[in-house]
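J.: Dropping the structure in here first, questions after.
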Amino acid sequence: MLINVANVSKSYPQPLLATPPAAIEDISFSIREGEFVCILGPSGCGKSTLLNLLAGFMTPDQGSIEFGGQKVTGPGPERGVVFQEATLFPWLNIRRNIELGLKATGIAKGHQQQLIDEALAMVDLHCSQQSYPHQLSGGMKQRVALARVLALQPQLLLMDEPFSALDAETRERLQDQLLNICAQKRQTVLFVTHSVEEAAYLADRVLIMGAPPASLFNEVEIQRSQPRTRNAKELTMTILRLRTLLKELSRHIPEPYQQAAV
Ligand code: ADP
């Protein structure tokens, strides 16, 4: 297993509460190398908390997270993160934005340029590499953010609702581009989304979280014919199945949390 999450709980300090409620509680799962796993759940259920713990931006209150057999104690280049909004440096062109992440790695300059070229090609932005962020559409900015992470050749790609701010057509195009990249590189991905359709289309396996404290977990392995198509009956069936499981989970929400449910 590339990732092992065992009995992880996390709460955020709250000024008026001695024992703040858990954002996530007693969560356990594993991810194999090359798998595309989606974390699906309603807003506020703890998806980003889980992703931030895996990224090493914070540590669990209880439980452990292991990556490649080593305990995660902080961020690292082997775990690349793409957020909902691309945070690019406006005064640097696309190529320089990607280069910036590589500078601290100690990789030889020539090899850095090769990695940038490969990353630009993967997201199909080679022709726009001299453009500046203000000249780019939202979708292009997200592709730069993805290229910046891919250039670092992470073993795990952590993606936190990366396409949710995009229009439907751009979102579908980027989903397909991501799937192509994953097929080429056998990239392991943990992808957070609240969209049932997105999870059903992208994932090999979907982990469903209920409303907080999200310890209620359901898991759906998706067997499908390749290549994926959006109109396939099997995709519709998967969407229905995920919707049903999500509904079942929200039926089990403890009283104090019921307002948070969708
Ligand atoms: P999701 O990504 O599913 O929308 P989050 O992980 O962002 O959920 O949030 C889970 C819970 O933790 C929510 O109740 C949220 O209000 C709370 N939370 C998240 N971040 C913080 C924070 N920095 N401080 C306090 N509470 C937080």
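J.: Arrange the following residues from fewest to most other Cβ atoms within 10 Å of their Cβ: Phe57, Phe191, Phe36.
T.: Working: Phe57 13, Phe191 26, Phe36 21.
Listing Phe57, Phe191, Phe36 from fewest to most nearby Cβ atoms yields Phe57, Phe36, Phe191.
J.: So if we plug the beta-carbon distance of Ala232 and Arg186 into 1/(1 + (r/R0)^6) with R0 = 30 Å, what FRET efficiency do we get, rounded to 0.05?
T.: Details: r = 23 Å, r/R0 = 0.78.
That pair, Ala232 with Arg186, gives E of 0.80.
J.: At a 10 Å Cβ-Cβ cut-off, how would you order Lys47, Lys185, fewest neighbours first? Intermediate results must be reported in sequence, preceding the final value.
T.: Numbers: Lys47 24, Lys185 14.
By the 10 Å Cβ count, ascending: Lys185, Lys47.
J.: Okay, next question. Multiply the residue gap between Ser225 and Ser9 by 0.36 nm, knock off their C-alpha separation, and tell me the result in nm, one decimal place.
T.: Between Ser225 and Ser9, full extension yields an extra 74.1 nm.
J.: Using the Cα atoms of the stretch 98-203, I'd like the radius of gyration and the largest Cα-Cα distance, Dmax, both in angstrom.
T.: 13.9, 43
J.: A further question on this structure: If I fit a long axis through the Cα atoms of helix 168-185 and take the longest principal axis of the Cα atoms of the chain, what angle between them do I get, 0 to 90°, rounded to 10?
T.: The angle comes out near 80 degrees.
J.: Here's another thing I want to ask about it. Fewest to most neighbouring Cβ within 10 Å: what's the order for Tyr12, Tyr132? Please list the in-between numbers first.
T.: On the way: Tyr12 11, Tyr132 16.
Exposure proxy ranking, most exposed first: Tyr12, Tyr132.
J.: Which percent, nearest 5, of DSSP beta bridges in the chain are antiparallel?
T.: 50 percent
J.: Estimate the FRET efficiency between Thr59 and Ser137 by the formula 1/(1 + (r/R0)^6), using the beta-carbon distance for r and 35 Å for R0, to the nearest 0.05. Walk me through the numbers before you get to the answer.
T.: Working: r = 37 Å, r/R0 = 1.05.
Given R0 = 35 Å and the Cβ-Cβ separation, E is 0.40.
J.: Separate question: Just need the relative contact order of the stretch 53-163 here, percent rounded to a whole number, with Cα pairs under 8 Å and 6+ apart.
T.: Working: 147 pairs, mean separation 43.8, N = 111.
Reported relative contact order: 39 percent.
J.: Post the alpha-carbon centroid distance, the stretch 152-168 to the stretch 1-56, in whole angstrom.
T.: Centre-to-centre distance over Cα atoms comes out at 17 Å.
J.: Rg to Rh for the chain: what is it, with Cα atoms only and Rh by Kirkwood? Working shown, then result.
T.: Numbers: Rg = 18.8 Å, Rh = 19.3 Å.
A ratio of 0.98.
J.: Right, another one. Taking the Kirkwood radius as the inverse of the mean 1/r across Cα pairs, report the Rg/Rh of the stretch 50-139. Write out the running numbers ahead of the final one.
T.: Values: Rg = 16.0 Å, Rh = 15.3 Å.
Result for the stretch 50-139 is an Rg/Rh of 1.05.
J.: Another question, if that's okay. Taking 27 Å as the cut-off for C-alpha to C-alpha distance, list the pairs among Lys103/Lys185; Lys141/Lys185; Lys71/Lys247; Lys47/Lys185 that go past it.
T.: Where the Cα-Cα span goes over 27 Å, the pairs concerned are Lys71/Lys247.
J.: Specify the angular offset, from 0 to 90 degrees and rounded to the nearest 10, of the alpha carbon long axis of helix 138-150 from the longest principal axis of the alpha carbons in the chain.
T.: Compared with the principal axis, the helix lies near 90 degrees.
J.: What is the chain's relative contact order, in percent, from Cα pairs under 8 angstrom and six or more apart in sequence? All intermediate terms of the calculation are to be shown ahead of the outcome.
T.: Details: 480 pairs, mean separation 67.4, N = 262.
26 percent.
J.: Continuing with the same structure: Pop the C-beta distance of Arg205 and Phe89 into the FRET formula with R0 = 35 Å and round what comes out to the nearest 0.05. Working shown, then result.
T.: Values: r = 35 Å, r/R0 = 1.01.
Efficiency computed from Cβ-Cβ geometry: 0.50.
Bear in mind that the values in this text are calculations on the coordinates, not laboratory data. Source: prediction; values computed, not measured. Cβ atoms come from the backbone with ideal geometry, glycine included; neighbour counts cover every protein chain shown.
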